[in-house]
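So the structure is just underneath, and the comments pick up after that.
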Amino acid sequence: MRRSIIAGNWKMHGSREAVAGFCKALRGARLGAELDVLVFPPVAYLGQFVDGVRNTGVAAGAQDLHPAAQGAHTGGVSGAMIAELGGRWALTGHSERRSEHGESDALVAAKFGAALSAGLRPILCVGETLAQRQSGEAESFVARQVQTVIEAVGVDGLARGAVAYEPIWAIGTGETAAPGQAAGMHRLIRETIAASDAALAESIRVIYGGSVSPHNAAELFSEPEVDGGLIGGASLQVQSFLAIVAAAV
Ligand code: 13P
């Protein structure tokens, strides 16, 4: 039985006040015993968030990182800087990074490796567009996204992280993948990994993201292939985030 992950990705939302309120609501709740509860606030608030959730069992991470350890990279934030702020995880290859910032599979793989080098646990985000799904290219597209990371960091590297399947057509649209659709792609991701390491294919956590809400979370998480969720909009309010955590326990 794989340990579930419930991760909130706040994207570019938040304020010092909102972080303080969220952390206050989490304090006292002991959340990390049965599953990994993670929050990815904007990096500007990562330090505040980490301080605010101390002893709650909730861990935090960054939504992105620079592939280099340091250097002349204006605006960049390195894995070591994230770790020093108390971040333990990093998202890599979120579809909004890929589409808004032109991140290629190779760059995403470099970021995954940089997160590992900094001692962070990377979550590789993959997922197809609606057009790719309709033209039957979704599986080969997602398989290549996974394969590029395996080639860059090896199966031992991938094993230190997790994978999030986030179909682009389901992100922020209110249109969730049917549990069977999610399960089918999670199985494809495992088959891709199995070509390199059959044991890792079964042990790695593959979580689902895309319009997860308190209303659909339990049904999605009841799929044995779905090891939890990466939650955008519904993670911004602490009560709906906690309802989704409860659905995974
Ligand atoms: P929504 O839950 O808002 O669809 O966002 C999903 C997502 O992109 C999480 O990383």
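Check each of the trypsin sites (Lys or Arg not before Pro) in region 140-218 and keep only those in coil by DSSP with at most 14 other C-beta atoms within 10 angstrom; list them in order. Walk me through the numbers before you get to the answer.
On the way: sites: R144, R160, R187, R190, R205; in loops: R160, R205.
Answer by residue number: there is no such site.
Using a 10 Å Cβ count of at most 15 others and DSSP loop calls, identify the longest part of the chain lacking such GluC sites (Glu not before Pro). Don't skip to the answer; put the middle values down first.
Working: sites that count: E34, E137, E175.
The answer is 35-136.
Based on DSSP H assignment, which helices of the chain show an axial Cα extent of at least 24 Å together with a mean Kyte-Doolittle hydropathy greater than or equal to -1.0?
On the way: long enough: 138-159 (26 Å, 0.68).
Long hydrophobic helices here: 138-159.
Which value, in debye to the nearest 20, describes the size of the charge dipole of the chain about its Cα centre when Lys and Arg Cβ atoms bear +1, Asp and Glu Cβ atoms bear -1, and nothing else is charged?
Numbers: 19 positive and 24 negative charges, 154 e Å.
Computed about the Cα centre, the dipole is about 740 debye.
How large is ³J(HN,Hα) for each residue in region 211-223, as worked out from phi by the Karplus curve 6.51 cos²θ - 1.76 cosθ + 1.60 (θ = phi - 60°), to whole Hz, x for Gly and Pro?
Rounded to whole hertz, the list is 6, 6, 9, x, 7, 10, 4, 4, 5, 5, 6, 6, 6.
Apply the Karplus curve 6.51 cos²θ - 1.76 cosθ + 1.60, θ = phi - 60°, to the phi angles in region 39-47 and return the couplings in whole Hz, x for Gly and Pro.
Computed from phi, the couplings for region 39-47 are 10, 10, x, x, 4, 4, 10, 4, x Hz.
With only alpha-carbon atoms in the gyration tensor, what are the semi-axes of the equivalent ellipsoid for region 75-117, in Å, largest first? If you can, show how the numbers build up before the last one.
Details: eigenvalues 74, 24, 15 Å².
Semi-axes (√(5λ), whole Å): 19, 11, 9.
Under the definition of Cα pairs under 8 Å and six or more residues apart, what whole-number percent is the relative contact order of region 166-248? If you can, show how the numbers build up before the last one.
Details: 112 pairs, mean separation 27.0, N = 83.
About 33 percent, as a whole number.
Please check: in the Gaussian network model of the chain (C-alpha springs, under 10 Å), which one of M185, M81, M12 has the largest mean-square fluctuation.
M12
Starting from the amide H of I231, placed 1.01 Å from N in the peptide plane, find each other amide H under 5 Å away whose residue is 5 or more places distant or on another chain.
Long-range HN contacts for I231: A7, G8, N9.
Given the options Q70, Q181, Q134, which has the most mean-square fluctuation in a GNM of the chain, springs set between C-alpha atoms less than 10 angstrom apart?
Q134
List C125, C23 from most exposed to least, where exposure is judged by having the fewest other Cβ atoms within 10 Å.
Numbers: C125 25, C23 22.
Starting with the residue having the fewest Cβ neighbours, the order is C23, C125.
Do you know the relative contact order of region 108-219, to the nearest whole percent, from alpha carbon pairs under 8 angstrom that are 6+ apart? Can you show the working numbers first?
Details: 150 pairs, mean separation 33.2, N = 112.
It rounds to 30 percent for region 108-219.
Rounded to two decimals, what is Rg over Rh for region 71-183 when you use alpha-carbon atoms and the Kirkwood radius?
Working: Rg = 14.8 Å, Rh = 14.9 Å.
So for region 71-183, dividing Rg by the Kirkwood Rh gives 0.99.
In debye, nearest 20, what is the charge dipole magnitude of region 8-116 about its Cα centre with +1 on Lys and Arg Cβ and -1 on Asp and Glu Cβ, if you could check? If you can, show how the numbers build up before the last one.
On the way: 10 positive and 10 negative charges, 65 e Å.
Charge dipole of region 8-116: 320 debye, to the nearest 20.
List, largest first, the extents of the alpha carbons of region 98-149 along their principal axes, each in whole Å.
39, 21, 14
Using Cα pairs closer than 8 Å and at least 6 residues apart in sequence, work out the relative contact order for the chain, in percent. The partial results should precede the final answer.
Values: 505 pairs, mean separation 48.3, N = 249.
19 percent.
In sequence order, what are the phi-derived ³J(HN,Hα) couplings for region 122-132 according to the Karplus relation 6.51 cos²θ - 1.76 cosθ + 1.60 with θ = phi - 60°, rounded to whole Hz, with x for glycine and proline?
With coefficients 6.51, -1.76 and 1.60, one gets x, 10, 7, 8, 9, x, 9, 7, 5, 4, 5 Hz.
Quick check: residue separation of T74 and R16 times 0.36 nm, minus the Cα distance between them. What number comes out in nm?
Values: separation 58, 0.36 × 58 = 20.88 nm, distance 2.41 nm.
Here the segment from T74 to R16 would lengthen by 18.5 nm.
Taking N as the number of residues in the chain, what is its Cα Rg relative to 2.2 N^0.38 Å? Could you put the intermediate results ahead of the total?
Values: Rg = 16.7 Å, N = 249, 2.2 N^0.38 = 17.9 Å.
My calculation over the Cα atoms of the chain gives 0.93.
The numbers here are math on the coordinates, done by the rules we state, and not lab data. This one's a predicted model, so the numbers in the text were calculated from it and none came from an experiment. FYI the Cβ positions are ideal-geometry reconstructions off the backbone, even for glycines, and counts take in every protein chain you see.
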